[in-house]
1. Tell me, yes or no, whether region 128-136 has at least one residue that is outside any helix (DSSP H, G or I) and small (Gly, Ala, Ser).
2. Go through region 106-120 and count every residue that is surrounded by 13 or more Cβ atoms within 10 Å (Cβ to Cβ) and modelled with pLDDT of 95 or more.
3. Of all residues in region 191-240, which are at pLDDT below 80 and in a helix (DSSP H, G or I)?
4. How many of the residues making up region 162-181 are over 15 Å from TRP122 (Cβ atoms), assigned to a helix (DSSP H, G or I) and within 18 Å of the chain's Cα centre (by Cα)?
5. Go through (1) among the charged types (D, E, K, R); (2) more than 19 Å from ASN174 (Cβ to Cβ); (3) in contact with a helix residue (DSSP H, G or I) (Cβ under 7 Å, 6 or more places away or on another chain) for LYS80 and report which single condition fails.
6. Which one of GLU143, GLU173, GLU155, GLU166 is assigned by TED's automatic domain parsing to the domain that holds LEU84, under 17 Å from PRO200 (Cβ atoms) and free of Cβ contacts under 8 Å to residues at least 24 places away in the same chain?
7. Hey, GLU155 hits all of (1) modelled with pLDDT under 95; (2) assigned to a helix (DSSP H, G or I) but one; which does it fall short on?
8. Residue by residue through region 121-171, note down the ones that are among the acidic types (Asp, Glu) and crowded, with 20+ Cβ neighbours inside 10 Å.
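The values are calculated or read from the model by the stated rules, or taken from the named source; none is laboratory data. Bear in mind that the values here come from a model prediction, so they are computed numbers and not experimental data. We place every Cβ from the backbone using ideal geometry, glycine too, and count neighbours over all the protein chains shown.
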Amino acid sequence: MDNILLENDLSALQKYRLKSTPGKTFTVANLLDHVYVVDFMKNLAYSIGAPTEKAAASIFIKRYAFIAVISLFAMSSGNKKLNLSLNNIEMEEAVRGKDWLPMISLKDSTIEEWNGNDRNEWRKNIYRELFADNIYPIIEHFEKTFKVSKLVLWENIAVYLFWLYETELRDHENPNVQDDFRFLIEGAEGRLFGRYHNNPIQKYFSEKKFEDEVRIRKTCCFTYQLGSKRCKTCPCTHTTQDGRCFDGESICSAIRKN
């Protein structure tokens, strides 16, 4: 059954940056065009104060992770599937001197509600369209164009999905929520995420550590290059005394060996 995204649906998803009428936008599908994305990332780096397009590409994926948050929130909390094809998604452009926390809009706001039959297959279809058809092509293109590791970019997605299930949906009444979380980190096969044999999200789920119960990342996301301190979850914070990676890479050698 297909319906239009209703006002109460939109209200719940606005927290995760979905908005019906954002500001000046671009269509996400354009990022798969080489000429367009090179110019886009150069402008984004300038706008957010990133020293390189590589760093800007990582920051972009951190913002784009909310596409996955929106999709899986709708699926787990309301048994709803959004149209998240690349041509259907628009994001707000960055403005120099302002924090870039872009709102997202959908040209087609149609939703598909689970019909009550074989929810596992329905869930797999959502995963294919979200990860294999949407996020995977962007990550692959960014790695080739800006030489930023897929390991960094997938972890940028993973950390927000763990936050969604462990914090935002932790006490949700829908009985499917915990099963959906288990599927994300244990049950989903690699092909649902793109050309993978293994689930690329699974490797980032680990035990939380220290008194404040944080999950240390496997990779550095480059946010510190915008002029801020390293995140408390950054592996470099916990492997060096001065907060710098041993080898200057986004994946510390100490972490890579694990």
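1. Taking every residue of region 128-136 in turn, none turns out to be outside any helix (DSSP H, G or I) and small (Gly, Ala, Ser).
2. Selection size over region 106-120: 1.
3. Those that are at pLDDT below 80 and in a helix (DSSP H, G or I): PRO235, CYS236, THR237, HIS238, THR239.
4. Keep residues of region 162-181 that are over 15 Å from TRP122 (Cβ atoms), which gives 162-173, 175, 177-178, 181.
With the extra rule that they be assigned to a helix (DSSP H, G or I), the set shrinks to 162-168, 177-178, 181.
Cutting the leftovers down to within 18 Å of the chain's Cα centre (by Cα) gives us 162-168, 181.
Qualifying residue count for the region: 8.
5. In the conditions (1) among the charged types (D, E, K, R); (2) more than 19 Å from ASN174 (Cβ to Cβ); (3) in contact with a helix residue (DSSP H, G or I) (Cβ under 7 Å, 6 or more places away or on another chain), LYS80 misses (2) alone.
6. GLU143
7. GLU155 satisfies every listed condition except (1).
8. Going residue by residue through region 121-171, those that are among the acidic types (Asp, Glu) are 121, 129, 133, 140, 143, 155, 166, 168, 171.
Of everything in region 121-171, just one residue is among the acidic types (Asp, Glu) and crowded, with 20+ Cβ neighbours inside 10 Å, namely GLU155.
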